[in-house]
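*Asks:* The structure under discussion is supplied below as structure tokens; questions concerning it will follow.
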Amino acid sequence: MRRHSFGHRFDHSFGHSFPDRSRHAFEPGKLVAGLVIMGVAAAYGMDAAGEWNVRPEIALPALLGGLCAAALTSALTYALRRRSRRAAPED
């Protein structure tokens with residue numbers, strides 16, 4: 001069972017407090033999705049500034065492909081975490 005804390009887990013045996021490192025799991029799918037969206041937004045921003053000529057028939061499929069890559073990354077991450085959870089001995 002996961003214990004909810006506000007940034008600290010307390011060890012009462014010695015009275016020291018240690019930061020709770022398991023508070024947020026790293027999610028690479030969200031990282032990939034954010035980078036893809038930021039890249040497309042930067043391309044459209046450069047287009048608005050007159051630096052690039054971004055055609056929608058190129059940018060929109062690139063966005064959709066990047067979001068599909070993010071979904072695949074999330075699915076693989078989920079599968080690997082589920083597999084490692086099954087392999088870990090239960091306490």
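*Asks:* Looking at residue 54, is it surrounded by 13 or more Cβ atoms within 10 Å (Cβ to Cβ), touching an Asp or Glu at 6+ places or on another chain (Cβ under 8 Å) and not small (Gly, Ala, Ser)?
*Replies:* When the stated conditions are applied, residue 54 passes them.
*Asks:* Check segment 29-39 and report whether any residue there is charged (D, E, K, R) and loosely packed, with under 14 Cβ neighbours inside 10 Å.
*Replies:* Yes: segment 29-39 contains one or more residues that are charged (D, E, K, R) and loosely packed, with under 14 Cβ neighbours inside 10 Å.
Laboratory data are not the source of any read-out in this text; all were calculated from the coordinates shown. Since this is a predicted model, take the numbers as computed values, not measurements. Every residue, glycine as well, gets a Cβ built from its backbone with ideal geometry; the counts of neighbours run over all protein chains shown.
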